[in-house]
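A short worksheet on the structure shown next.
The values are calculated or read from the model by the stated rules, or taken from the named source; none is laboratory data. The structure presented is a predicted model; accordingly, all values stated were derived computationally and were not measured. For neighbour counting, all protein chains shown are included, and Cβ atoms are generated from backbone atoms with ideal geometry for every residue, glycine included. Only protein heavy atoms, including side chains, enter the accessible area calculation; ligands, DNA and RNA are left aside. Shrake-Rupley method; radii C 1.70, N 1.55, O 1.52, S 1.80 Å.
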Protein chains: 2
Amino acid sequence: MDVIKVSGSSRTSAVAGAIAGVFREHKRAEVQAIGAGAVNQAVKATAIARNYLLEDGIEVVCLPEFTTVDIEGKERTAVRLVVEPR
Amino acid sequence: MDVIKVSGSSRTSAVAGAIAGVFREHKRAEVQAIGAGAVNQAVKATAIARNYLLEDGIEVVCLPEFTTVDIEGKERTAVRLVVEPR
């Protein structure tokens, strides 16, 4: 399962569709963002995806956590939002 | 139960302590943020609070949603992170 990487310029509805799609297939999705703008888009997309899935009778929860990622040889702290069934 | 309001300049550890404290008392907490910087701090604080509570053997989940708030007579869209038991 691929991690859904979000940037500050990602469209929330597009990311929400990706989250819902990955969740439907894998019963789990992971969204990763670095920086305030990206984290904001990721959270808004997760809220929208939650509503998409609620329309199908599926309730998901979000588990926010920190993770370290390698960006061009430098360690960066990313926020990861793990989406799981309630 | 008061909503915990977060700004872009809020300290994540202080907000995390507030979330854990409110959760311990009420078995629920609500965190509200407007704007990318505030949402970023709110999510990071929620991740930290989740770890604080895990140390006590309590697992919480986060339910992100949109809400409308009145700021000096103007309607603004806020992000609300509802923290509930798993």
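Data table
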read-out: Distances in nm from residue A:57 to the matching label points in the other copies, shortest first (labels 7 Å along Cα to Cβ); value: 3.6
read-out: Relative contact order for chain A, counting Cα pairs under 8 Å that sit 6 or more residues apart, in percent; value: 32 percent
read-out: Cα shape, the protein assembly as shown, gyration tensor, a/c 1.5 rule; value: rounded
read-out: Other-copy label distances relative to residue B:69, 7 angstrom Cα-Cβ extension, nm; value: 2.8
read-out: Nearest 10 degrees, 0 to 90: helix A:12-26 Cα axis against chain A principal axis; value: 70 degrees
read-out: Charge dipole magnitude, Cβ of K and R +1, D and E -1 - chain A, Cα centre, debye nearest 20; value: 160 debye
read-out: Computed [θ] at 222 nm, helices only, for chain B once each DSSP H run of length n ≥ 4 contributes -39500 (n - 2.57); value: -13500 deg cm²/dmol
read-out: Solvent exposure of the protein assembly as shown as accessible area per residue, Å², 1.4 Å probe; value: 50 Å²
read-out: 0 to 90° range, to nearest 10: angle between helix B:36-55 axis and chain B longest Cα axis; value: 10 degrees
read-out: Accessible surface, 1.4 Å probe, highest first, among residues A:58, B:71, A:4; value: B:71, A:58, A:4
read-out: At most 16 other Cβ within 10 Å, DSSP loop - trypsin sites (Lys or Arg not before Pro), region A:1-56; value: A:11, A:27, A:28
read-out: Portion, in percent, of the accessible area of region B:1-43 that falls on carbon or sulfur, probe 1.4 Å; value: 47 percent
read-out: Non-local Lys pairs in the protein assembly as shown, i.e. 8 or more apart or on different chains, that have alpha carbons under 29 Å apart; value: 19
read-out: Pseudo-label separations to other copies for residue A:17 - Cα-to-Cβ vector, 7 Å, nm; value: 4.5
read-out: Chain B - Rg (one decimal) and Dmax (whole number), Cα, Å; value: 12.4, 43
